[in-house]
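These notes are about the structure you will find just below.
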Amino acid sequence: MTTKVDAVVGWARKNSLWPMPFGTACCAIELMATLASRFDLARFGAEAIRFSPRQSDLLIVSGRVSIKMMPVLKKIYDQMPEPKWVISMGACASSGGVFNTYTLVQGVDQYIPVDVYIPGCPPRPENVIQALMKIQEKVAQAKAN
Amino acid sequence: MGKAVDNQEERQTEGVGRPGRPEPDPGIVTTRIRARFGDTSVSTGNAVGCESVIAERDALLPFMTFLRDDPELAFDYLVDVTAVDRLRLDEEVRFAVVYQLYSHKHNRRFSVSVPVPEADPRIGSVVSVWPGANWLEREVYDMYGIVFEGHPDLRRILMPDDFGSYPLRKDYPLHGKGERDNFVF
């Protein structure tokens with residue numbers, strides 16, 4: 001019986017993800033394109049972008065994160081209610097990208113757990129949709145509680 | 001001109017206003033400054049496509065106030081304040097703080113360079129002359145560690161407050177000194 005509840009809750013969750021965008025660079029432009037009519041993230045139930053972390057369950061880190069910005073990102077992640085998932089979008093968020101410099105965090109996964117990485121500089125909207133579908137697979141398998 | 005062996009170098013650098021080299025014909029701004037301060041206080045050049053001057057930091061504030069208030073100069077707009085680290089270059093003084101000026105009245109640009117020694121990296125603030133210098137001087141302080149005396153609020157502007165280095169100094173490594181890996185929050 002519990003497995004069936006898990007399945008129902010997982011199905012509901014994966015089709016109503018509320019993303020919290022953390023856009024700090026050009027990846028955020030591609031993220032906006034993903035949300036807009038041509039690519040239409042609403043097809044996956046994830047069009048309700050929330051700019052409050054307290055109303056979100058999917059953090060999309062799209063762009064460079066400096067050592068001055070990392071505490072902000074960590075605070076936003078901590079404010080999101082469980083259960084929550086994280087997408088690291090693009091080369092900069094995932095590894096620092098070309099910015100191998102003194103002030104840039106070389107991958108946000110050093111400080112917050114990342115579920116799906118998107119390669120690219122910046123990734124095209126198709127990559128973002130693919131990442132969202134990967135997140136959906138993961139959400140569907142999660143326990144209800 | 002020097003001896004024959006020096007001629008080639010002499011030709012290449014001719015007219016850039018270095019010490020010991022022939023200076024270009026003084027322009028309007030240079031003439032005006034010399035009329036006010038005399039020949040000794042400044043050396044002038046034409047390094048960046050406009051007239052420029054190498055000024056002394058001790059008398060900076062009266063000099064800058066003159067540039068702003070003199071009706072024939074009227075440099076009412078401070079375009080930028082930045083600094084140059086001339087480490088390992090053939091210069092006696094390591095730093096130079098550079099002020100880019102513009103006069104709306106005369107549609108004229110001017111550049112002021114002020115040498116600042118490494119052992120005593122201090123210079124007077126020009127916020128009292130151009131209020132727009134506030135954040136520009138904070139950035140120079142943040143990146144080069146040059147202290148602007150008399151600045152109303154000299155804090156770091158780009159780097160975190162507890163960042164211990166001055167990252168645009170030429171002896172600071174590109175990848176930092178471990179700040180990006182060891183910071184705590």
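The values are calculated or read from the model by the stated rules, or taken from the named source; none is laboratory data. Quick caveat: nothing in here was measured; it's all calculated off a predicted structure. Here the Cβ is made from the backbone with ideal geometry for all residues, glycine too, and neighbour counts use every protein chain on show.
The table below lists the values:
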{"read-out": "Criterion (surrounded by 16 or more Cβ atoms within 10 Å (Cβ to Cβ) and either charged (D, E, K, R) or within 27 Å of A:Pro71 (Cα to Cα) (or both)) met by exactly one of B:Ile146, B:Ile157", "value": "B:Ile157"}
{"read-out": "Selected residue (only one of A:Phe51, A:Phe44 is modelled with pLDDT under 95, of a type outside the set (D, E, K, R), more than 29 Å from B:Glu179 (Cβ to Cβ) and buried (at least 16 other Cβ atoms within 10 Å of the Cβ))", "value": "A:Phe44"}
{"read-out": "Which numbered condition A:Glu82 fails, given (1) more than 14 Å from chain B (Cβ to nearest Cβ); (2) of a type in the set (D, E, K, R); (3) surrounded by 14 or more Cβ atoms within 10 Å (Cβ to Cβ); (4) free of Cβ contacts under 8 Å to residues at least 60 places away in the same chain", "value": "(3)"}
{"read-out": "Condition broken by A:Ala131, with the remaining ones in (1) farther than 20 Å from A:Ile76 by Cβ; (2) not in a loop (DSSP other than H, G, I, E, B) satisfied", "value": "(1)"}
{"read-out": "Qualifying residue in region A:90-109 (condition: among the acidic types (Asp, Glu), surrounded by fewer than 20 Cβ atoms within 10 Å (Cβ to Cβ) and within 14 Å of another protein chain (Cβ to nearest Cβ))", "value": "yes"}
{"read-out": "Pairs with Cβ under 7 Å, 6+ apart, first in region B:85-102 and hydroxyl-bearing (Ser, Thr, Tyr), second in a strand (DSSP E or B)", "value": "B:Tyr99/B:Leu78; B:Tyr99/B:Val81; B:Tyr99/B:Val112; B:Tyr102/B:Tyr77; B:Tyr102/B:Val79; B:Tyr102/B:Arg109"}
{"read-out": "Answer from B:Leu154, B:Leu168 - the residue that is among the aliphatic types (A, V, I, L, M), part of a loop (DSSP other than H, G, I, E, B) and within 14 Å of chain A (Cβ to nearest Cβ)", "value": "B:Leu168"}
{"read-out": "Members of region B:175-185 found to be facing chain A (nearest Cβ under 7 Å) and either touching a residue at least 24 places away in the same chain (Cβ under 8 Å) or under 14 Å from A:Gln106 (Cα atoms) (or both), listed by number", "value": "B:His175, B:Gly176, B:Glu179, B:Arg180, B:Phe183"}
